[in-house]
Every structure is written in structure tokens, then in C-alpha cells.
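Just below is one structure, and these are the notes that go with it.
The values are calculated or read from the model by the stated rules, or taken from the named source; none is laboratory data. A quick note: this is a predicted structure, and the numbers were derived from the prediction, not measured. Reconstructed Cβ throughout: ideal geometry from the backbone, glycine too, with neighbour counts over all protein chains shown. Accessible surface is based on the protein model in full, side chains and every heavy atom, while ligands, DNA and RNA are left aside. Shrake-Rupley method; radii C 1.70, N 1.55, O 1.52, S 1.80 Å.
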Amino acid sequence: MPGLVTSPTKELQQINMDTDNKKTEKYRGGNLKYRLQRKSSQATKTEGLCFEDMSQWSQSLERLLSSKYGMKIFQAFLKSEFSDENIEFWVVCEEFKKIRNSFRMSSRAKKIFKRYIQAESPREINIDQKTRERIQQNIEAPSTVCFDDAQKIVYGLMERDSYPRFLKSDIYRTLTDSTSQSVNM
């Protein structure tokens, strides 16, 4: 599994998937495809997103996640499909690995367990019971690798399921079409 470290930024938070207030969303470009198209064209002009970068995304999940924009757009795609807990967990684990303070590591491990690993947790990821139990034991004396088994499972799920769906999605096709058109201009 690649050791990529990327964290969500304000720009991802701006791609708001909430549909509670559809009337307001309508006027703000509530359509995800529209917003991503708009975000892509803005990024292409102002922030360096280019067709070459995007063409790398189709080569592997690792390349997609190593791209600043790739990560944001993949997260937005997963959120639009109500399945963003996997990428969220993967990113949290990458951040967890950077912790060096043992007290902070212990506290953070318990929070991660309660949020993603524990049965019936708010953002429960799909892992087997044996892995869940092993992690529960690991967090009693946490280390930077205590979530590695679950992280590998989640990465594999994203690689086999979410990533191929992303590459076939309207979001990805729209972005690659709009970016390749701006290259041809």
C-alpha cells in the first residue's frame, strides 16, 4: 500500500454535497457535475490542473490519491455516492502515522476506533470481525501501524470497486473532456 499523505482542504469542503436546501443549491450550482466542471475550469486556469495530471489518474488509484486535485475530486465523487467513509478512514490513518506523542497517539487511536472500526459506529468501514478484534487489541498499546490491516482492506476495496466506478463516472469524464478541450484551444 502506498504511503501517500494528503489531507482534505477547504476546497473539498466547498464542494458541498448536502441537498437539504435544494432551492438555495439550485441557485448556487447545486448540481455536482456542474460544480466540478466549474471547479475544474477554474483550476485549469488558475491553479495548474491540467490534462496531463488528470491522465495520470487513470493509471492507478495510487496516482489518483497522490494528486492534490485527484484526491479532492475522488472524495467528492465518493461523497456523492454516500460512500466516502473509506477514503476518509484512509486519510485519517495516513495522518495518524505522523503522530509521535504517545498520549496523543493513544487518544487519537481510540477516536478512530470509535468512529470507523467499532461495530455500529457512525462511519463504520467494511472489515471482517477478526481484523476488528485485532485492532481493538492493538489500540491498547497503539503504534503507527495499529490500523494497517484495516487500511489495507479499505485501500483494496477502493481499488477494486470505487476507483473503477470513478473512472467510468460522469464526473471524471466531464472533467477529462473539459480539460482536454482547454488543452486543444
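The three principal axes of the Cα atoms in segment 112-185 give end-to-end lengths of 58, 23, 20 Å, sorted in falling order. Between 172, 76, 117, the Cα set farthest toward the positive side of the dipole of segment 51-183 (charges on each charged residue's Cβ, about the Cα centre) is that of 117. Per atom type, segment 51-183 shows carbon and sulfur on 47% of its accessible surface, probed at 1.4 Å.
Filter the cross-link list 79/114; 72/111; 97/168 down to pairs whose alpha-carbon distance in this structure exceeds 27 Å. Beyond 27 Å: 97/168. Looking at segment 51-183, the pairs of alpha carbons with a distance over 26 Å make up 30% of the total. A simple charge model with +1 on the Cβ of Lys and Arg, -1 on the Cβ of Asp and Glu and nothing else charged puts the dipole of segment 51-183 at about 520 debye relative to its Cα centre.
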